[in-house]
1. Near A:Gly40, within a Cβ-to-Cβ distance under 14 Å, what is the net charge of the other residues, with Lys and Arg +1 and Asp and Glu -1?
2. Please state the relative contact order of chain B as a whole percent: Cα pairs under 8 Å, 6+ residues apart?
3. Just from the alpha-carbon atoms, what are the Rg and Dmax of the protein assembly as shown in angstroms?
4. For A:Met21, B:Met32, A:Met11, B:Met27, which order do you get if you count the other beta carbons within 10 Å of each Cβ and list the fewest first?
5. Filter the cross-link list A:Lys51/A:Lys112; A:Lys70/B:Lys14; A:Lys112/B:Lys57; A:Lys105/B:Lys14; B:Lys9/B:Lys57 down to pairs whose alpha-carbon distance in this structure exceeds 32 Å.
6. Mind running the shape call on chain B? Use the C-alpha gyration tensor, a ≥ b ≥ c as the square roots of the eigenvalues: rounded below 1.5 for a/c, prolate if a/b tops b/c, oblate otherwise.
7. May I ask you to list the lysines whose Cα is less than 17 Å away from that of A:Lys108, ignoring any residue fewer than eight positions away on the same chain?
8. From Cα pairs below 8 angstrom and at least 6 apart in sequence, can you work out the relative contact order of chain A, rounded to a whole percent?
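What follows is calculated from the coordinates using simple rules that are stated; it is not laboratory data. Since this is a predicted model, take the numbers as computed values, not measurements. In this analysis, Cβ positions are derived from the backbone assuming ideal geometry, glycine residues included, and neighbour counts consider all displayed protein chains.
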Amino acid sequence: GQQLNQSPQSMFIQEGEDVSMNCTSSSIFNTWLWYKQDPGEGPVLLIALYKAGELTSNGRLTAQFGITRKDSFLNISASIPSDVGIYFCAGQHTGGSQGNLIFGKGTKLSVKP
Amino acid sequence: NAGVTQTPKFRILKIGQSMTLQCTQDMNHNYMYWYRQDPGMGLKLIYYSVGAGITDKGEVPNGYNVSRSTTEDFPLRLELAAPSQTSVYFCASSGAGVMNTQYFGPGTRLTVL
C-alpha cells in the first residue's frame, strides 16, 4: 500500500530547542494532518492543512502544506517535556472514501529536561 | 461527551480463538473506522463505515469482519485469531465531509499466542 516517508524516525533534544520533522509522498494529497500519540493512547489531531502552501499554527506548533502537495512539515518551538511522544503525519485524498488516511511511520520525540 | 470508547483495553488470545473488539462513540458521527498499529509503524485502515448498515474494506481487511447496526457502535470481529493479528487496534469516528477530523479511541492491545 501507499506509504508516507516521515523523518526523522526519532530525535532527542534539549528542553527549549526547536524541533522540525517532515513527511514526503510520491503522490499528491489534498489534506495533510499532523497527530500526536502519547504512550497507551490514541492519536490526537494537532493541525490540519487543506490547501497547498497553507501555513497554520497551534500554539508552539506550526505546520505547512507543501506547494507541490507532496510534502508537509511540522515545527515545534521551545520544546518542553510534555512534547514527548510520537508524531504522525497523515495524508488524505479527496474524491474517494473519507477513510483513506495514509499515515507515516511516526517521529518519536524525546526531550532531555 | 466521552468521545470514542473502546473495550477491552488489553486481551490475550490463543491461535484460532475469536473475539469482538467494541467501539462506541457519542458524538453522533456518521463515519467510523478501525485501524491497526504495528510496532514502529503508522496506522493502517482495516474497515470503515459511512453510516449505519454501510461498511467497506480498508487497506488490510483480511481476517476481520465488521458490522454497523447503529450510529454509535462499530464492533470489529476476529473469527480465527492468528499471531499476525497481534497489534494495537484503534477505532475512530468523524463527521461527514473531508474537513472533518477523525477522533481516536484509546486503543485495544491484542496479543495472539
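1. Local charge sum for A:Gly40: +1.
2. After rounding, I find 35 percent.
3. Radius of gyration, then largest Cα-Cα span, for the protein assembly as shown: 17.5, 51 Å.
4. B:Met27, A:Met11, A:Met21, B:Met32
5. A:Lys51/A:Lys112; A:Lys70/B:Lys14; A:Lys112/B:Lys57
6. Because a/c hits 1.5 or more and a/b exceeds b/c, chain B counts as prolate.
7. Result set, ordered by chain and number: A:Lys36.
8. Numbers: 290 pairs, mean separation 41.5, N = 113.
It comes to 37 percent, rounded to a whole number.
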